[in-house]
Structures are given as structure tokens and as C-alpha cells.
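Read through the structure below, which is laid out as C-alpha cells, and then see the notes.
The values are calculated or read from the model by the stated rules, or taken from the named source; none is laboratory data. Owing to the predicted nature of the structure, the values given are computational and were not obtained by experimental measurement. As a convention, Cβ positions derive from the backbone with ideal geometry for all residues, glycine included, and neighbour counts pool all protein chains shown. Ligands, DNA and RNA are excluded from the accessible area calculation, which covers all protein heavy atoms including side chains. Shrake-Rupley method; radii C 1.70, N 1.55, O 1.52, S 1.80 Å.
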Amino acid sequence: MANDSLSQRKAQLDKEEREHLEDVVTEMRERVEDNVEFQLTQKGLDDEPEDVDSLDEETQQLVEAIQLEAPDDESWSEAFEQYVTGVGYTIVNRLAALRCMEVRDFIDEEVTVFKENGLTPAAETLVHEEFLLEDEAILEAYHNACDDLSEEIEILFDRSSAHSLIDPDDDTFEELCGMLDDIPDEVWRADDVLGWIYEYYNRPVVEALDAKNTLEPEDVGPANQFYTPHWVVRMLTDNSLGKVYLEATDQEDAIPEPEALSPEERKDRLVTPADAPSVPDLCTYLIPDEEPGDSPEFDHPRELRIIDPACGSGHFLLYAFDILERIWWAETEFDRAEIPAKVLEHNLYGIDIDLRSCQLSAFNLYLKARTRAEAEDGQFDMPNVGIVCADARVAEVEEATDVLDEITGEGSDLREALDDVIETFQHTEALGSLLDVSGTLEEAFDASKTQAELSDYNGSAHQSLNSFLKALRRAVEDQTSDSFGEQNLRSFLHLLVVLTQEYDTALMNPPYGSRGRMPNIVQEYVREHYDYTTQYYINFFEACDRLVEENGRVGMLVPRSFMFLDSFSDFRNDFISARGSFDFMAELGIDVLDNAVVRTAATVIRSGTESNETGTFIRLADVEKSEKEQSFLHSSFVSSMDGDIKRRFHREMEEFGLIPGSPLSYWVPKKLRELYDSDTVLDSENARIDKNSLGDIKVGIQTGNDDRFLREFWESFGDDNWAPLAKGGRDSWILPRVKQTILWNNDGSEVKRYPKSYPRNTDDYFQSGITFNRAKEDGRRFGYHHPSSIFGDNGPVLFPGEKLWNALSYGNSRLFTYLMLAQTTERKWEIGLVSKIPWKTELESTEDLGKLSQRAVGHLISKRRYDFDSFVFS
């Protein structure tokens, strides 16, 4: 067990190790891409060749490979640049993968470590035994290692792939290996080292994309490369997959009580079989429910399926492997050395639009499984793994369509539906796992017809779309060769199979982005095929929810915007009711993801459950980055209180529906939510609620040219052509300081004629009301709007009729602020949210409320009588 113990001790790199690794990877990238570009230029491929047929066979292959980088309207230079990057990363990734294997003694003779004689050990053997020249032997040894490994892990070591047509020259190869050797062996033993190499290699691309408001389809993958911290992976996976298994086997009582382990023991628990022999021993971040729940049933561990639809380097899948291995130990009698291969074969699936991510995921799982098998004194044979690339280029299958025609029947409904899927995917780059296979093919799928066409070839009938696609995949595998097009067809059918299976758990850190950060063609597809707003992460969630069985789990690390924004209200309403429920959520705040300025939340959703579920919510948004994990452990297992701050909450899903739009303000007590049960709101029309209104909230004028139409009040003092303009601002409370005026001669005719102006609600100008500041860090935003003033777009006005003074006191009360915080934590109070605030009849009959506001305004008027800093009341 020594090897296993050694590998498990290094689950993740520390900050110093990551910084050193980043420096090395940056240097390797520059060196290898310079060399690849030089070799291509030497072959005359820096410009697109005019006569491809006149080129030698090797160069023609390179031309075809470069063209694959530009499936649509990209130029040759863009495709050339992408090909250089792809080849460079493939070389670095393979060398790093080989180094990971060498430090684990998985390779008999090293191919990346040079001896003093200038040879690698494997090359030295070739020189002595095969009589190769030294320069030939170094790369030949490298090729031999890749070819041997491609039999087990083809996706990474297949030298017939498009990105494998160029090797580094001898000097570059030796320099790259020397850079690898500068990294300590213990770093290469870490589970996450290749994930960090992937992120660091692409960091220059990511940094350039961060400055872009609009992403091209090929930018989506690199722009969303954020490595999920291991503690977040543990938290999400324990509370999804771990809980699913324990619920399905009625072992909830086996979960350690909160006081059974200290936070330090939970954090530092080892993953070795001796230290964590069972799922409850391993899943120390699992928060037990007060009442047992339901999960998908299974008869054998092979039936459990877990998917990560944006798998990156496979961080979620690697930890899920640890849990699944223990499930096989507990539920079967297999020799433990056999189980790692069975976990890969039956349980784990991953999809990514970046082939390099898929290579990493597959290889990382290979390393994990082989390490475990050999630690149990067994031999490891790599099975076919469920890692599949969803790059649009895998749908370029034109040269292989004859095979599909032969198997499915040319011109059949099903064949045409397959063509629709292929064409859609091929022309919708950056769609990835969002491809709605079932929605497109299900109607065309006819079980009896499919049986007639395929049963003779495959020996079975097909009663489901997934069964048919599996049979089609097997048939295609038997009838195709190794051309790029036929390789793509096999890969594409594998993707369709993975996207039509049912899963028990989905785990992900999906892409983030909407509007310009989601390509237009993807937005169009999402609007047609998905229920919710066009936002990558919420659409990925919906895709997972369709794949997951009833009572299965979807665990995700996503921006917290879904908790409050009105555009996600349909999503929230569905998942506090019949479509599912929030089983667990930790609001993490900012700085959880390196180099990503986004406030995140980690949540586990139970799919297809009723609204009477209760969820656990953890508040960590205000905790420093370095303290978040410890705070999670303390609040989850020691005390819900952190000093005076409550951090753990239990909420029934139906509570969230008490507030219009169902914001997930889990910290708000039920009694405060119940105040929203009112017949009257401030403005039902703007709130889009069928209730009575206290009044109307109106937005004022946008001049389109403030320099032309606005003046400081002292510049126009005494000139009747200029009217006071209330624009909100910091001084809007109680009695706003109206410091600007607007040109309003002839009823504002000059402003109204200006083509870029927007003079809204002009009938409400020069009336008493209540203005408020939409953007401020705290409450107390409401002030008296004098009838001598016009109001602007940043200082909207509530016209509450006779209840003006009572409403002004209410707006500046702590209660009003708390009611707003129940809807949003953002500093910007949108009109639609303010409009939803309830109005109670008790507020009308309380005379003291009106008197308080009037006295406050009168006090400020008397205080400002001699202050020459505002048009009104100066």
C-alpha cells in the first residue's frame, strides 16, 4: 500500500508550487510554439497553398489538419495560429503526462529525463539494442511510449490525430524535458497537476479574452477555464453523489454526527483505504438531513452513472471515483484490484468542447485507476471511458455518411433526423453538451422500424433511443476506417450516446456567460430548445436536469445571479416547487476561483421533487478567501453561529414563494417574508403583479446631451427658461439637494426635439412625489420631490397620492430596507423590485408616520435657508 499512500498524500498543489509550475509552463509554451511555427513555415504553410495536389503527402496532411481548425469562415492565418497552439499544447501535455507516469513507475524506462550522456534511459536502450543513432533514438523512444500507451488511452497518446503530425525537433525536445525536470517529483504526483498545466498554458488566451465584450465560438472554452478548488469539489460531491448512495441504501444513520469529528479531522481526513474504508468515512463534508430523503434506486453499482457536462481536467470525476470505488467495495464481492477499471467502464462520464480537456480528464482517470489497481497488487487494463469531445468539428462526417446510409437506410425519417442533429451541431460552435439530442431524435425514433433495420446486425431489439444509438455506434465502429471523417463519426455517435443516458448525479463548474459572452448562434439554439433565459450556466443546469433521474442530484458551482435576478425567476419558481428543490447551497462570494471576478454559489439541487422539501443554506459570502473552507466546516458541523453572525440556515422551499419572484434570500426569517402577503403594493403595474397599487413609479427624462441641456443651479439662477432637475444621487434622502437645472423653455421643446433625448412621463413633471436613489450602499434612499422640479431617469419618483408623507417615512424605515434586502443584496434597487414592496392599511392610519417626515423636511429647510447649494430650499 505504500504507493497508494504516497499518491493520496498529494491531492492538490499549494500556492508556491502552482506559481513555480506556471512559470515553467509559460516558458514551455513559448519554446514549443516557436518551434512548431518554424517547422510549418519551413514547409511553406504560413500562407495558404494555392495548389495542394502538388504537395507531398505529409504536407497535404498538414494542410488538411490546419483546415480542420477553420470549419466556417475563418481565415488561413487564424486557423494556422490555432493549429500551432493545438500542436504545442498536445506536445507539452503528453510530455507532462509521461512525467506523471514516470514518477509513479508506470514506465519502465524514462523518456523525458536526460542522463549526463545526453540520452534518455529509453533512448539509450534503443541505441545499444536497436543500433539507432542517438538523435533518432530520443524521439523514437518517445514515439514508442506514446504508441504503447495509446492502446490504453488513445484520446491522449494517439499519434494519428491531427495535432500529432509534428514533433518538436531534437533540441526543443531536450529543452522541454529539462524544464519538466525542474519541477519536483512530488508535484507530478498531485492529482491536479495536469489541470493546472492546462489552465496555465491557456492563461495568455484567457487574459486576452477577458477584455472582450463579445466572444467568438472558439473563445468559449478558453474563456471559461477556471479550476474548481478541491474543497468545493468535496463539498458538492459529498452532498450529491455521497448522499444519493447513502439514501438509496438506507444508510443515512451511518453519517457521522456533527460532533463526532472536529473540523480539522474532517478537512485533513486521508483518502487511503485504511483511513477511509467506506462512503461515510470518506464523505466528511456531507451535511446530514433532518429527515431521510429519496434517491434513485439501483441493484448493482454498475447502474450508477455520474456526468460532468463541462468536465475540464476532470476534477469532479476524480473525486467521484473515490466515492464510487467504496460503493463497489461495499456492494460487490469483486477483488479490489478489479474495481478501478469497472468504475471507469460503468460509472463516470464527461463532456467538454475542448479536446485538450477531454485528453486530460481521460488521462487523469487513467492515472487514478491504475494507481489504485496496482496498490491492490493487481494489473490494470484501461477500459473504454465515457469521456467525449463535443467540439463542433467532430460533426464533420461528410466522408462517412455512406456508412450511416447503409446502416439506417438512406432517406428514412431517422436518417434525416440524424442529418439535422449533425448539421445543427456542426454549425453551432460552442454548443457542447447543450445539444438536445432527445428533443431532436425522439419523434423520429420508431422502435419497431429500428429493430428491423438494426437487429440483424447487432442481434438485439432497441426499445429506447439510447439503445438504438449504442447499436448504431457499434455498427459504425465495425464498418469504418481511421480517416479523420470516420474518426469524427465514431466520436460524434459516442457523444449522442452519452447525451441520451440517464444519470444519478451531475456535477459541474459550467461555462459562464450571456449576451455577448454567449455566441449569437448558441443563443438562438437555446431559445428554441430550452425553457430558461440565455445564460450558459443556467442552460447547462437545465440540460443536466433533463439527464438526471427523479430524485437524482445536480451539483454546480455557478455565479450567484440566479438567486435574485428577475430573469431567473422562472427557474427559481420551478425548483422550489414540482420540478425540484434546493437540497444544499453555500453562498461563497468572490475570490473562490483564481482570476475570476465573480460572486459564486455552490448548490446541490434534487431533481423532480415536491415543494415540501427543506434545504440547508450556508452563508460564506463575507468570509475571507483563506477562511472560507474553515468557516464552512464550523458553520456546518459545530455551530450555525459565527460570533454574532448566523451562517447556517434551514428553509422550506415553499417559504421562498412568499415573495414575488421567489428570490433565494435564505437568511430572511419567514415572518418577514409573510409581510409580502398584502393586497396592495407600491406599484402593481411595474411589479407585474395582480394587486392593488399605492401609486405609480415613473422614470423621468434622459436628455441625450447633458452638456448642452443641463446647468448647475447657480448658472441659471433667476432664469425662468431653466427648471430644477432631480437626478437622484447621494443627497436624495428626506430632502434632496437639487443642484442642476434643465433647459425647459416652451415646455421643453428644444430638449424634446433633440433626436437622442427620451422625455418620458412628461405629464407627471412638476408634481409632488417621492424620489429615490436607485444605486446606493445602504437604505434611506427616499426624499421629497418638490412640485417645482422635473425628474430624471436616475431619480425615479413614486406618486402615492394623499399618502405621500406616510410613504416617505415608510421608505426610509429599516423595515423597508429589510424588505428590499429580501429581494436583492445588490446596491442597485431596480424599479420593478421597489414596486413589489407591500403596503399595509396600518401604514395609512398611523398619523405619526406622516408627521415624522414633515418635521424632518421642515427641519432641513430651516437648516438650509442660508446654504447656497441647491435650487430648491436654498
Worksheet item: Among the aspartates and glutamates, which have Cα under 16 Å from the Cα of LYS863 when same-chain residues fewer than 8 positions away are ignored?
Response: ASP731
Discussion item. Tell me the relative contact order for the chain as a rounded percent, counting alpha carbon contacts under 8 Å between residues six or more apart.
Written reply: 8 percent
Worksheet item: In this model, which of LYS752/LYS776; LYS646/LYS828; LYS646/LYS727 are farther than 28 Å apart at the alpha-carbon?
Response: LYS752/LYS776; LYS646/LYS727
Practice prompt. Please work out how much length the chain gains when fully extended from HIS20 to ASP848, using 0.36 nm per residue of separation minus the C-alpha to C-alpha distance, in nm with one decimal.
Written response: 291.4 nm
Discussion item. Can you return the aspartates and glutamates within cross-link range of LYS803? Criterion is Cα-Cα under 15 Å, with same-chain partners fewer than 8 residues away left out.
Written reply: ASP683, ASP696, GLU842, GLU844, GLU847, ASP848
Item to complete: Give me the net charge of LYS828's neighbourhood, meaning all other residues with Cβ under 9 Å from the Cβ of LYS828; Lys, Arg count +1, Asp, Glu -1.
Response: +1
Item to complete: Have a look at TYR536, ILE306, SER789 and report the one farthest towards the positive end of the charge dipole of the chain, computed about the Cα centre with Cβ charges (Lys/Arg +1, Asp/Glu -1).
Response: SER789
Fill in: Environment charge of HIS494, counting only residues whose C-beta is closer than 10 Å and scoring Lys/Arg +1, Asp/Glu -1
+2
Worksheet item: Using Cα atoms only, what is the angle between the long axis of helix 315-331 and the major principal axis of the chain, expressed in degrees (0 to 90) to the nearest 10?
Response: 70 degrees
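Return the loop-located trypsin sites (Lys or Arg not before Pro) in the stretch 827-859 (DSSP other than H, G, I, E, B) with at most 14 other Cβ atoms within 10 Å of their own Cβ; answer none if there are none.
ARG827, LYS840
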Worksheet, complete the sentence: Between ASP402 and ASP268, the two model label points (7 Å from Cα along the beta-carbon direction) sit apart by a distance in nm of 6.7 nm
Discussion item. Once you keep just the Cα pairs under 8 angstrom separated by 6 or more residues, what percentage relative contact order results for the stretch 169-319?
Written reply: 27 percent
Worksheet item: Taking the alpha-carbon centroid of each part, what is the distance from the stretch 155-198 to the stretch 687-759 in angstrom?
Response: 63 Å
Worksheet item: Per residue, how many Å² of accessible area does the stretch 731-874 show with a 1.4 Å probe?
Response: 48 Å²
Worksheet item: Please report, for the Cα atoms of the stretch 517-563, the Rg to one decimal and the Dmax as a whole number; what are they, in angstrom?
Response: 11.5, 34
Worksheet entry | Rounded to the nearest 20 debye, dipole of the chain from Cβ charges on Lys, Arg, Asp, Glu | 8000 debye
Item to complete: Excluding residues on the same chain fewer than 8 positions from LYS15, give the lysines whose Cα lies under 26 Å from its Cα.
Response: LYS267, LYS368, LYS625, LYS628
Discussion item. Going by average Cβ density within 10 Å per residue, which order do the peptides 315-321, 287-293 take, highest to lowest?
Written reply: 315-321, 287-293
Worksheet item: Based on Cβ point charges of +1 for Lys and Arg and -1 for Asp and Glu, what charge dipole magnitude is obtained for the stretch 568-628 about its Cα centre, in debye rounded to the nearest 20?
Response: 80 debye
Fill in: CD proxy at 222 nm, helix term only [per DSSP H run n ≥ 4: -39500 (n - 2.57); per residue of the chain; nearest 500]
-13000 deg cm²/dmol
Worksheet item: For the stretch 273-339, what is the accessible area per residue in Å², given a 1.4 Å probe and the full set of protein chains?
Response: 37 Å²
Fill in: Accessible-area composition of the chain, carbon plus sulfur, in percent [1.4 Å probe]
42 percent
Fill in: HN-Hα J in Hz across the stretch 566-581 - Karplus 6.51, -1.76, 1.60, θ = phi - 60°, x for Gly and Pro
4, 5, 9, 5, 4, 4, 4, 4, 5, 9, 10, 9, 6, 7, x, 8
Worksheet item: Which three semi-axes in whole Å describe the equivalent ellipsoid of the stretch 764-874, each the square root of 5 times a Cα gyration tensor eigenvalue, listed largest first?
Response: 23, 18, 14
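Averaged per residue, what accessible surface does the stretch 145-257 expose to a 1.4 Å probe, in Å²?
Dividing the accessible area of the stretch 145-257 by its residue count gives 35 Å².
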Practice prompt. Using label points projected 7 Å from each Cα along Cα→Cβ, tell me how many nm separate GLU423 and ARG159, to one decimal.
Written response: 4.1 nm
Discussion item. Among THR408, SER161, THR440, which residue has its Cα furthest toward the positive end of the charge dipole of the chain, with +1 on Lys/Arg Cβ and -1 on Asp/Glu Cβ?
Written reply: THR440
